[in-house]
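This report concerns only the one structure given below.
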Amino acid sequence: MSQQSLFDNRPTHGPLASRLRPDTLEGYVGQEHLLGEGKVLRKLIEQDKVSSMIFWGPPGVGKTTLARIIAGKTRARFVDFSAVTSGIKEIKEVMAQAEKSRLMGERTILFVDEIHRFNKAQQDAFLPYVEKGSLTLIGATTENPSFEVNSALLSRCKVFVLQALGTQQLAGLLRSAVTSEKGLGNQDIRVEDSQLNMIAAFANGDARVALSTLEMIVLNSPLEGETTVVTDGIIEQCTGKKSLLYDKTGEEHYNLISALHKSMRNSDVQASVYWLARMLEAGENPLYVARRAVRFASEDVGLADSQALAISIAAYQACHFLGMPECNVHLSHAVIYLALAPKSNAADNAYAAAKADAQDMLAQPVPLHLRNAVTGLMKELDYGKGYKYAHDHADAITDMNCLPDELKGREYYTPTAQGREARIIERMREIQTWRQSHIGKDEP
């Protein structure tokens with residue numbers, strides 16, 4: 001726990017990430033959706049009107065840096081507090097001092113790093129002081145605050161979601177690190193933009209990892225005279241990754257996801273696992289792959305095996321909880337399942353056909369018998385008249401038409417004979433046969 005002074009000198013030595021930590025919004029990289037010109041959070045900081053809030057985002061995206069920028073902009077007393085090293089005793093001390101400061105007319109902003117590490121009792125200790133305005137709480141967490149911050153405290157805080165930095169943003173940060181006097185600018189370093197992109201891709205959105213990796217690479221690179229020469233071999237040694245041909249925003253990105261998708265569609269399990277590994281080992285965001293698997297589960301497997309969607313969503317959640325490299329096995333699980341599952345694109349085709357009709361006939365009214373008569377006037381206008389409640393009938397089916405009159409009899413979903421859809425064909429035939437034989441006869 002420490003109180004930050006505006007007159008603290010920035011360190012001239014120490015880790016590269018610490019030396020390059022910006023102290024102004026102008027030097028801050030990323031989070032344009034929150035800090036761009038005219039955005040709400042930027043206005044709050046510039047006007048020194050910060051309210052209790054929580055910064056939620058992955059490691060290395062600037063949560064602590066943003067809090068320190070606020071410290072430099074505010075006229076309030078700023079207290080830096082770590083959930084890792086502090087307990088109830090330290091919390092009570094801070095609260096007592098905050099109350100004294102309030103009585104003296106001074107605001108207190110309390111920054112709590114890794115707030116998710118506090119248990120419920122520790123979090124509850126903040127609540128009364130936040131409620132009566134003794135302090136403004138700023139929490140930082142890598143975990144979903146909906147699960148890790150108690151609801152009473154969370155309801156009094158605005159949650160700002162910080163996003164992982166893009167490869168190009170990280171590459172720009174690394175280039176600045178090479179040239180900045182605060183960074184490595186006092187050294188003669190020869191490094192290619194493509195190599196900075198490799199380091200940025202390896203960092204996977206984490207600025208701290210990117211800068212630390214760059215520092216390690218420079219320290220281990222050979223000298224040619226007084227010039228430090230960065231080589232692909234040193235990068236591979238320091239990152240543990242081969243420099244695969246891959247750019248998460250370029251053509252190869254789309255080539256590889258296309259190869260994975262088409263291999264799964266073709267039920268080629270071996271190729272599917274290979275393309276998955278190519279993407280992950282090149283630094284692809286596992287959540288991107290997981291999202292594509294979720295889409296594939298309905299687009300290419302569909303009702304032939306509805307369990308495919310559940311497994312894909314579970315894999316996405318596992319990737320969110322664990323990250324790489326632990327989640328590689330969960331993605332492998334999902335990809336293997338999807339590759340081996342029976343295939344059907346009937347659900348995708350059904351929506352495409354219905355979409356075409358919906359766009360061509362946007363003015364088609366909802367049939368009166370399908371409307372709810374929630375007022376007397378609606379009843380007078382025959383809303384709900386003729387509606388047949390399926391559960392009042394022996395087979396829980398009626399002969400009621402549920403499409404607009406101009407679309408009566410239109411078919412969108414045509415199941416295949418693959419997997420469970422073979423049983424769905426039988427069920428649809430049973431329903432059709434029943435309706436044809438009960439037209440006008442389905443009285444309860």
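Descriptive notes on the structure:
- Two-site FRET efficiency, A277 against L368, from Cβ-Cβ distance with R₀ of 51 Å, rounded to 0.05: 0.35
- Accessible area (Å², per residue) of region 24-131, counting only protein heavy atoms and a probe of 1.4 Å: 46 Å²
- Based on C-alpha pairs under 8 angstrom that are at least 6 apart in sequence, the chain has a relative contact order of 11 percent.
- Coordinate range along principal axes, alpha carbons of the chain, Å, largest first: 88, 63, 38
- Note, ³J(HN,Hα) from phi for region 29-43, Karplus 6.51, -1.76, 1.60, rounded to Hz, x at Gly and Pro: 9, x, 6, 4, 5, 10, 10, x, 4, x, 6, 4, 5, 4, 4
- Note that region 29-128, at 37 °C in a medium of 0.692 mPa s, gets a Stokes-Einstein diffusion coefficient of 223 µm²/s from its Kirkwood radius over C-alpha pairs.
- Options V61, G205, V218, ranked by Cα towards positive dipole end of the chain, top entry (Cβ charges): V61
- Using all pairs of distinct alpha-carbon atoms, the Kirkwood hydrodynamic radius of region 328-375 works out to 14.9 angstrom.
- log10 of Debye I(q)/I(0), alpha-carbon scatterers only, for region 118-177 at 0.24 Å⁻¹: -0.99
- Summarising the label geometry, the points placed 7 Å from Cα in the beta-carbon direction at A354 and Q237 lie 6.0 nm from one another.
- One way to sum up the overall shape of region 161-238 is the equivalent ellipsoid from its Cα gyration tensor, whose semi-axes run 21, 13, 9 Å, largest first.
- On full extension, the segment bounded by S180 and L381 gains 64.9 nm, given 0.36 nm per residue less the C-alpha separation.
- Diffusion coefficient of region 136-271 by Stokes-Einstein, Kirkwood radius over Cα pairs, 20 °C, 1.002 mPa s: 120 µm²/s.
- Relative contact order of region 120-273: 15 percent, from C-alpha pairs under 8 Å at least 6 residues apart in sequence.
- Each listed q (0.09, 0.18, 0.19 Å⁻¹) maps to a log10 I(q)/I(0) for region 62-209, found by the Debye formula over equal Cα scatterers with no solvent: -0.40, -1.02, -1.09.
- Helix-only mean residue ellipticity at 222 nm for the chain, each DSSP H run of n ≥ 4 adding -39500 (n - 2.57), per residue, nearest 500: -14500 deg cm²/dmol
- Given charges at beta-carbon only (K, R positive; D, E negative), |dipole| of the chain in Debye: 1180 debye
- Among the lysines of region 16-175, pairs that are 8 or more positions apart or on different chains and have alpha carbons within less than 20 Å of each other number 23.
- Amide N proximity, region 120-135 versus S151 label position 7 Å along Cα-to-Cβ, cut-off under 19 Å: 120-128, 131
- Of the Cα atoms belonging to region 347-427, the radius of gyration and Dmax stand at 16.2, 49 Å.
- Estimated Rh, region 72-125: Kirkwood, alpha-carbon pairs, angstrom: 11.8 Å
- Kirkwood hydrodynamic radius of region 308-353, from inverse mean 1/r over distinct Cα pairs, in Å: 11.7 Å
- Across region 260-406, Cα pairs under 8 Å and at least six residues apart give a relative contact order of 22 percent.
- Gain on full stretching of the segment that runs from V229 to L103 - 0.36 nm per residue minus C-alpha separation: 39.4 nm
- Normalised by 2.2 N^0.38 Å, with N the number of residues, the alpha-carbon radius of gyration of region 380-428 equals 1.56.
- Within a Gaussian network of the chain (alpha carbon springs, distance under 10 Å), most fluctuating of A358, A201, A373: A373
- Rounded D (µm²/s) - region 237-364, Kirkwood Rh over Cα pairs, Stokes-Einstein at 25 °C, 0.890 mPa s: 158 µm²/s
- Evaluated at q = 0.12, 0.13, 0.15, 0.25 Å⁻¹: base-10 log I(q)/I(0), Debye formula over Cα of region 306-405: -0.74, -0.78, -0.84, -1.20
- Residue with peak Gaussian network fluctuation, the chain [Cα springs, cutoff 10 Å], from E215, E32, E430: E430
- Unpaired cysteine residues in the chain (no second Cys Cβ under 4.7 Å): C157, C238, C402.
The values are calculated or read from the model by the stated rules, or taken from the named source; none is laboratory data. The structure presented is a predicted model; accordingly, all values stated were derived computationally and were not measured. Neighbour counts run over all protein chains shown; Cβ positions are idealised from the backbone, glycine included. Side chains included, ligands, DNA and RNA excluded: accessible areas come from the protein's heavy atoms. Shrake-Rupley method; radii C 1.70, N 1.55, O 1.52, S 1.80 Å.
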